[in-house]
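Structure first, commentary second.
The values are calculated or read from the model by the stated rules, or taken from the named source; none is laboratory data. Computed from a predicted structure; not experimentally measured. Methodologically, a virtual Cβ is constructed for each residue, glycine included, from the backbone with ideal geometry; neighbour enumeration extends over all protein chains shown. Protein only, heavy atoms only, side chains kept; ligands, DNA and RNA dropped before computing areas. Shrake-Rupley method; radii C 1.70, N 1.55, O 1.52, S 1.80 Å.
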Amino acid sequence: MNTFEKGNTVDHKVWMYLAYLVVSVGLTVWVATTLSRNGLVFLEDVFDDDRLARAVNHLLVMGFYLLNLGYVTVAMRSSATVPDAGRALEVLSTKIGLVLLVLGVLHFCNVFFLGRYRRGRLRRQQGQPPLPPAGRLPIHPQHPQHPPAAPQPGLA
């Protein structure tokens, strides 16, 4: 008997797992390649060093693959009953949707933290303080814009 069949009926869950792996790995490779190619320009601006930008780009891609493919592997198992192809597609779409959300969150985190690093580097280059002022200084009565009050007679 074929491992993909139970008696005379096709095991929809096995086909769902195979489709999940193909789509998830395909999406991961496509997104990683696109982000790597287009993100290199951004990283070169962030680090102001082409060699460092290429190295960080490679490390980010490797981390991206490890995190996302690890998630895909852990999330592959489903306890849902899959009696027919319709239910298999529903479970599959939920799983693919979660993979896409993980891809989006990873991308957002990378851009957010690299953007913060870039802003800090630009501030240091421009000589601006790293933090905004925490408050205002008190105005002293001897301030040039506020001349001292004239003495009142009889109070000296």
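One table, with the values for the structure above:
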quantity	calculated
Per residue accessible area in Å² of region 10-123, where ligands, DNA and RNA are left out and the probe is 1.4 Å	61
Region 10-123, Cα convex hull volume normalised per residue, Å³	84
Listed residues LEU89, LEU98, LEU114 arranged by accessible area, highest first, probe 1.4 Å	LEU89, LEU98, LEU114
List THR81, THR33, ordered by accessible area with a 1.4 Å probe, largest first	THR81, THR33
Computed accessible area, HIS58, all protein chains, 1.4 angstrom probe, square angstrom	110
Sequence-distant residues sharing a close amide H with ASP11 (under 5 Å, placed H)	GLU5, LYS6
Normalised contact order of region 10-123, rounded percent, pairs of Cα under 8 Å and 6 or more residues apart	40
Neighbour net charge for SER79 - beta-carbon separation under 15 angstrom, K R +1, D E -1	+3
Heavy-atom accessible area ranking, 1.4 Å probe, most first, across ARG121, ARG51, ARG136, ARG116	ARG136, ARG51, ARG116, ARG121
Quarter of the Cα convex hull surface for region 79-121, i.e. its orientation-mean projected area (nm²)	3.3
With every protein chain in place, region 53-111: carbon and sulfur % of accessible area (1.4 Å)	73
Dipole moment magnitude, nearest 20 debye, region 10-123 about Cα centre, only Lys, Arg, Asp, Glu C-beta charged	320
